[in-house]
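Engineer: Have a look at this one.
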Amino acid sequence: MTSEYIVFEEKYCTGCTQCIRACPIKAIRIKNNKAVCITSLCIGCGECIRVCPEGAISSAISDEEPLEKEKINVAIVSPILYAQFPGFMPNDVLLGLKQMGFDHAIDLSYYLEMFQYAVEEFIARNRKTNMAPWPLISPICPVVNQLIAIKYPNLLDHILPLKHPAGLVGNEIRKKLSQEHGVKEEDVILYHITPCFSKVVSDRSGLMAELSYMDKAIGINKIYPGLLQKMEEIKDFELNLFPYEHFSFAPGARGPMWGMSGGEIAGMKLEKVIAVSGFKEIIAYIEKIEMGLLKDMEYIEFRACSEGCLGGPLTAVDRYLAKSTVQKFLKIFGIGRRVQRKKVHMLYEKGWFFSELKPSELADSYYLKQTPLTIEDIKKIENLISVIQGNDCGACGAPDCKTFAEDVARGYADVEDCFKMRQG
Amino acid sequence: MPSFKKCFNIRSRDFIHAGEASIAVQQLLKQMHVDSNLIRRIAICGYEGEMNVVMHGGDGLFCVEIDKNKIVLNISDDGQGIKDIAKVMEKGFSTATDEYREMGFGAGMGLPNMEKNADNMIIESENENGTTVQMTFFTKSA
């Protein structure tokens, strides 16, 4: 049983019901003692992976494959990676990646900074035009985008229609490197090294379409052991191995700071901003936006993982330890800006930052995900809930009695699946 | 004509759970694929109404009734009541205390905002004897 993001291994599943309760969109059921995912609803948050005591659930992203020697292999590095190695500097990490066989290791910080400028610009213009509704929502967290698309599609027009920084980098780097090495564009293989499997290409949503510029994704947890070994082997600092790339700056602290909740907005010159992380909290805030609150906020940074991307499901090191490493970087490097505003401004005018598809254009396709309930259905549901008088035991395979009653109304489950109903 | 009715209790000064009834109604309407703009209007009215009970009213009841053509919110409480209904309908009028203003409430937009978003609104209140606000929303006939 597999969704786009998650693999359920039946042989390890004991039907313990932990995952059905953890799933924030109630997309998992237990059928015949095994977890089954309603794949059309999965948003790839990874909560089920975290709670499964048997290790029966894992990410569907491809295992580390050996690099193809005749191709130009490029690591596009999420700055979260630096935070996994407390004893090393970001440059050591890039160097380690080169030792592993990558031809280039590209730091994302520069593009993150450009993205921040673009957000400031968008918001400044929106103050005048009021084209997009306040508060605007950061397009960075793919799980949040999916959550809004599936459960709150009428809020899709709050998502800022800018490209994700990894999307910005992908297209440009591929062109530059194919020219530089004199190879075809398809011979440049981009590996996204990521803390989060939702960032893996998913055409379904269209929300992150620009991420399909990446060819492959490698979880930080997969690359961690091998990379650590290579980094420990580096004894002397050899200048010819220096990992700078002429099209990106040396990594500083701004990049890793993005991994912390609040790190994205901390680098922006905006005041009416707020950062929220963790699933329960973001749902509460999204519901507030739906009720017309928070209109005096301009930009909200949502991160599905608590503490931000440092807590991503594919990281190797505990989120608080990683955070401490980032805080060390902040002390060493500070968070000064390096990108030239003039250059960014030009690119902005050219439309370089804008996503090809506006999230709001997708709203209709999400409304049709589930068949609508009728007045009769909801009466049946309320009635069943009051007859069961249950305590959300989960024995029927649904996360709670309400969801069970809905499943019955939709014809996905049988009343007899509830042991209280069986006893009559 | 089959209709569906459900009620939720609201407790005075319970800011932790304030808004939950509106959210539950909102989720229900979403499952029924009610027009999203309409859901939004109902959510705004529901939330304002719920907060009014939590802040000014006593304990209250939040009821939703859904039938084919309309959705009715009926929010009632046993609190202090409204002395002058015409006055509270004025934009900017507020009786919120400093404490509530610090929490971001008290802009004096509550009831006018509800009236703006509802298709029809009726307030019944007697001084010292509670308040009932009934808001009707018409669904677009298919």
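Engineer: Enumerate the calculated ³J(HN,Hα) couplings along the stretch A:299-306 in order (Karplus 6.51 cos²θ - 1.76 cosθ + 1.60, θ = phi - 60°), each rounded to whole Hz, writing x wherever the residue is Gly or Pro.
Structural biologist: 8, 10, 9, 9, 10, 5, 7, 5
Engineer: Mean-square fluctuation check for chain A, GNM, Cα pairs under 10 Å: which of A:H181, A:H104, A:H164 is largest?
Structural biologist: Result for chain A, Cα springs under 10 Å: A:H181 fluctuates most.
Engineer: In whole Hz, with x marking every Gly and Pro, tabulate ³J(HN,Hα) for the stretch A:88-103 from phi via Karplus 6.51 cos²θ - 1.76 cosθ + 1.60, θ = phi - 60°.
Structural biologist: 10, 8, x, 4, 4, 5, 5, 4, x, 5, 5, 5, 6, x, 6, 6
Engineer: Give the relative contact order (percent, whole number) for chain B; include only Cα pairs under 8 Å separated by 6+ residues.
Structural biologist: 27 percent
Engineer: On to the next question. Return the sequence-ordered ³J(HN,Hα) values of the stretch B:29-40 in whole Hz as given by the Karplus equation 6.51 cos²θ - 1.76 cosθ + 1.60 applied to θ = phi - 60°, using x for Gly and Pro.
Structural biologist: 5, 5, 5, 8, 6, 5, 3, 5, 5, 5, 4, 4
Engineer: Going by alpha carbons, how many degrees (0 to 90, nearest 10) lie between the helix axis of A:165-181 and the longest principal axis of chain A?
Structural biologist: Long axis of A:165-181 versus the principal axis of chain A: about 40 degrees.
Engineer: Would you order A:W352, A:W258 from fewest to most other beta-carbon atoms within 10 Å of each residue's own beta-carbon?
Structural biologist: So the ranking, lowest neighbour count to highest, is A:W352, A:W258.
Engineer: For the stretch B:4-138, state the average projected area of the convex hull of the C-alpha atoms over all orientations, rounded to one decimal in nm².
Structural biologist: Average projection, Cα convex hull of the stretch B:4-138: 7.5 nm².
Engineer: Do you know the relative contact order of chain A, to the nearest whole percent, from alpha carbon pairs under 8 angstrom that are 6+ apart?
Structural biologist: Over chain A, the number comes to 21 percent.
Engineer: Once you sort the root eigenvalues of the Cα gyration tensor of the stretch A:1-60 as a ≥ b ≥ c, which label holds: rounded (a/c under 1.5), prolate (a/b larger than b/c) or oblate (the other case)?
Structural biologist: Rounded, because the longest to shortest axis ratio a/c is under 1.5.
Engineer: Now for a different question. Quick one: A:Y12, B:Y47, A:Y191, fewest Cβ neighbours within 10 Å first, how do they rank?
Structural biologist: So the ranking, lowest neighbour count to highest, is A:Y12, A:Y191, B:Y47.
Engineer: When a/c reaches 1.5 or more, the comparison of a/b and b/c decides; with that in mind, is the protein assembly as shown rounded, prolate or oblate per its Cα gyration tensor?
Structural biologist: Because a/c hits 1.5 or more and a/b exceeds b/c, the protein assembly as shown counts as prolate.
Engineer: First check a/c for the stretch A:24-120, with a ≥ b ≥ c the square roots of the eigenvalues of its C-alpha gyration tensor; if it is under 1.5, answer rounded, and if not, answer prolate when a/b is larger than b/c or oblate otherwise.
Structural biologist: prolate
Engineer: Over all residues in B:36-43, what is the mean tally of Cβ atoms on other chains that come within 10 Å of each residue's Cβ?
Structural biologist: Taking the mean over all residues of the peptide, I get 3.
Engineer: Using a 10 Å cut-off on Cβ to Cβ distances, tally the other chain neighbours for every residue of A:400-407 and report the average as a whole number.
Structural biologist: If you average over the peptide's residues, the count of other-chain Cβ atoms is 0.
Engineer: Something else about it: Starting from the stretch A:374-423, pick out the chymotrypsin sites (Phe, Trp or Tyr not before Pro) whose DSSP state is loop and whose Cβ has at most 16 other Cβ atoms within 10 Å.
Structural biologist: A:Y412
Engineer: Separate question: Expressed as an acute angle from 0 to 90° and rounded to the nearest 10, what is the orientation of the C-alpha long axis of helix A:220-233 relative to the principal long axis of chain A?
Structural biologist: 30 degrees
Engineer: Roughly how tilted is helix A:401-410, in degrees to the nearest 10 and between 0 and 90, from the longest Cα axis of chain A?
Structural biologist: Roughly 80 degrees, rounded to the nearest 10.
Engineer: May I pose another question? Cut-off 10 angstrom, C-alpha nodes, Gaussian network model of chain A. Which of A:E264, A:E349, A:E301 fluctuates the most?
Structural biologist: In this elastic network of chain A, the residue with the biggest mean-square fluctuation among A:E264, A:E349, A:E301 is A:E349.
Engineer: I need the Kirkwood Rh of the stretch A:372-424: take the reciprocal of the average 1/r across all distinct C-alpha pairs and report it in angstrom.
Structural biologist: 10.8 Å is the Kirkwood radius here.
Engineer: At a 10 Å Cβ-Cβ cut-off, how would you order A:K176, A:K184, fewest neighbours first?
Structural biologist: A:K184, A:K176
Engineer: Hey, in the GNM for chain A with a 10 angstrom Cα cutoff, which one of A:C48, A:C396, A:C196 fluctuates hardest?
Structural biologist: The residue with the greatest mean-square fluctuation here is A:C396.
Engineer: Net charge around B:M135, counting only other residues with Cβ within less than 13 Å of its Cβ (Lys, Arg = +1; Asp, Glu = -1)?
Structural biologist: Net of charged neighbours comes to -3.
Engineer: Okay, next question. In what sequence, highest mean first, do A:108-114, A:74-80 appear when ranked by Cβ atoms within 10 angstrom?
Structural biologist: Packing proxy ranking, top to bottom: A:74-80, A:108-114.
Throughout, read-outs are computed from the coordinates displayed, never taken from laboratory work. None of these values were measured; they are calculated from a predicted model. Ideal geometry is used to build each Cβ from the backbone, glycine not excepted, and the neighbour counts take in all protein chains shown.
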